[in-house]
Amino acid sequence: MRTAYSVETVRAAERELMARLPEGALMQRAAAGLAAACADLLGRVYGSRVVLLVGSGDNGGDALYAGARLARRGAGVSAVLLAPERTHGEGLTALRRAGGRVVKPGAAEALMQRADLVVDGIVGIGGKGGLRPEAAPLAELAADARAAVVAVDLPSGVEADTGEVRGAALPADLTVTFGTHKPGLLIDPAREYAGAVRLVDIGLRSALSAEPDLEALQHADVAELLPEPGAASDKYRRGVVGVVAGSARYPGAAVLAVAGALHGGAGAVRYVGSAAEAVIARFPETLVSDGSPAKAGRVQAWVVGPGLGDGTGADEVLASDVPVLVDADGLRGLDADAVRARRAPTLLTPHAGEAAALLGVPRERVEAARLDSVRELAARYGATVLLKGSTTLVADADRGPVRVNPTGTPWLATAGSGDVLSGLAGALLAAGLDARDAGSVAAYLHGLAGRYAADGAPLTASGIAGALPDAWRDVQR
């Protein structure tokens, strides 16, 4: 499991660790890891040209000490000090002793145009609200230069705890982060600024006793959660999922939701809706009903909403005593009181536009503050919420660690992709996974299947569903 901790938690752990170590030892560990990462990126250190953008915080000190290490290996290292009177003194002395030099900001443009590497040590993990006016022009010069940019702990201008970018920021090719991941490295829009992320172990784990803010499943975690039939299993023990989806205008949504459920391990799928003919034509194993959900037969979970249009069914499904996943049209006008009153688990799966409508805010606000948005939705509806998008997040109403999905591809942004995800997550609910695990595992497999189906080219939602068995097998290897 990959985890990320808040700035407050990280700083408390650093203080505890520093109390047990010689003075400056923690910074030296960070600087050594940063210098090693820079050396790996350069390939050949001797004769290379490195520019350090140095702010007043500890990550400016990290940059100076790392620059000293590179200078001792033959790199030409120049430091641009943004706050000379507040620069880390010992780090600056180390750089000068190693042969590095300090230059004025006015000389930075020419240096960066010739540099092989720019080290961003402008702002640390406590930065808020984007870069300050004096730093923004330097960041723009670095972004436009041909040099690779390495961020110290976090790209300057992004917010560590939320992943928000509320002003100018410096995109990195590589972010070298220390001790643990920070939430902003895993959540868009900040994640896009981080480039590749390299975690340097500085011994912080022993001091991190608090619950993480974020966690991301890995293959082994998903493999442990996947339902696996036993010798005595039958279709009912494996889980029967009911699907209320589709309409005369959107029959394909029903087909795709059923496809996700069948490829997601459901023992059987009961379909209720007006697209029965299309569903049976594609999946003859589906059990169809032309009545109400209550008369469809026994199910262990319901999926309601994909392609439903103005059709009905959501209220009746929400009144049931089994887990329910609500997606797409089922989210329109959703009654928060009715959801909170349910005793069985509820999983809501909005995209940013649907989440914005549920919260009563502009879509741009949700996309800019995905972590806050998913937490607020979960608390308001007393449900588990899977917020789809470039970073898919899963949050519980109890405000435990939010799950961030590490798999996927931009090609997943295609019509019907979310319908497949709904069916897949519904099948996992029916198999007995709790809502948080069902949503997290479904997002992981869905993203992995998207990679397989795309293989560097456009994909279709049907292709995603068809690749789910490959994703399943890959996780279990």
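The values are calculated or read from the model by the stated rules, or taken from the named source; none is laboratory data. As the structure is a prediction and not an experimental result, all values here were calculated from the model. Ideal geometry is used to build each Cβ from the backbone, glycine not excepted, and the neighbour counts take in all protein chains shown. Surface accessibility is based on the protein's heavy atoms, side chains included, excluding ligands, DNA and RNA. Shrake-Rupley method; radii C 1.70, N 1.55, O 1.52, S 1.80 Å.
Close contacts from the stretch 33-49, counting a first residue that is without any contact (Cβ under 8 Å) to a residue 40 or more places away in the chain and a second that is in a loop (DSSP other than H, G, I, E, B) and open to solvent by 40 Å² or more (accessible area, probe 1.4 Å), with Cβ to Cβ under 7 Å and a gap of 6+ residues or different chains, come to 45/73; 46/73. Take the stretch 325-355 and flag every residue that is in contact (Cβ under 8 Å) with a residue 24 or more places away in the chain, within 12 Å of residue 383 (Cα to Cα), buried (at least 23 other Cβ atoms within 10 Å of the Cβ) and of a type in the set (A, V, I, L, M). The answer is 325, 347, 348. Condition (residue is open to solvent by less than 20 Å² (accessible area, probe 1.4 Å), of a type in the set (A, V, I, L, M) and part of a loop (DSSP other than H, G, I, E, B)) applied to the stretch 384-407: is it met by at least one residue? Looking through the stretch 384-407, none of the residues is open to solvent by less than 20 Å² (accessible area, probe 1.4 Å), of a type in the set (A, V, I, L, M) and part of a loop (DSSP other than H, G, I, E, B).
Restricting 91, 76, 60 to residues that are open to solvent by less than 20 Å² (accessible area, probe 1.4 Å), in contact with a strand residue (DSSP E or B) (Cβ under 6 Å, 6 or more places away or on another chain) and over 30 Å from residue 402 (Cβ atoms) narrows the list to 60.
Residues in the stretch 294-310 that are part of a loop (DSSP other than H, G, I, E, B) and either closer than 11 Å to residue 250 by Cα or not hydrophobic (A, V, I, L, M, F, W, C) (or both): 297, 298, 300, 305, 306, 307, 308, 309, 310. As for the stretch 422-429, it holds no residue that is small (Gly, Ala, Ser), touching a Ser or Thr at 6+ places or on another chain (Cβ under 6 Å), open to solvent by less than 40 Å² (accessible area, probe 1.4 Å) and within 21 Å of residue 218 (Cβ to Cβ). No other residue among 81, 64 is of a type outside the set (Val, Ile, Thr) and in contact with a Pro (Cβ under 9 Å, 6 or more places away or on another chain) apart from 81.
Here no helices (runs of 4 or more DSSP H) wholly within the stretch 1-103 include at least 3 residues being of a type in the set (Phe, Trp, Tyr). Looking only at the stretch 125-147, decide whether some residue is within 25 Å of residue 179 (Cα to Cα) and not in a loop (DSSP other than H, G, I, E, B). No, the stretch 125-147 has no match at all.
Among the residues of the stretch 367-383, the ones that are more than 14 Å from the chain's Cα centre (by Cα), buried (at least 22 other Cβ atoms within 10 Å of the Cβ) and not in a loop (DSSP other than H, G, I, E, B) come to 3 in all.
One line per residue, one yes/no per condition, for (1) open to solvent by less than 10 Å² (accessible area, probe 1.4 Å); (2) at pLDDT 95 or above; (3) closer than 26 Å to residue 52 by Cβ; (4) out of contact with any Gly (no Cβ under 9 Å at 6 or more places or on another chain):
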residue: 176; (1), (2), (3), (4): yes, yes, yes, no
residue: 191; (1), (2), (3), (4): no, yes, yes, no
residue: 205; (1), (2), (3), (4): no, no, no, no
residue: 223; (1), (2), (3), (4): no, yes, no, yes
residue: 238; (1), (2), (3), (4): no, no, no, no
residue: 256; (1), (2), (3), (4): no, yes, no, no
residue: 262; (1), (2), (3), (4): no, yes, no, no
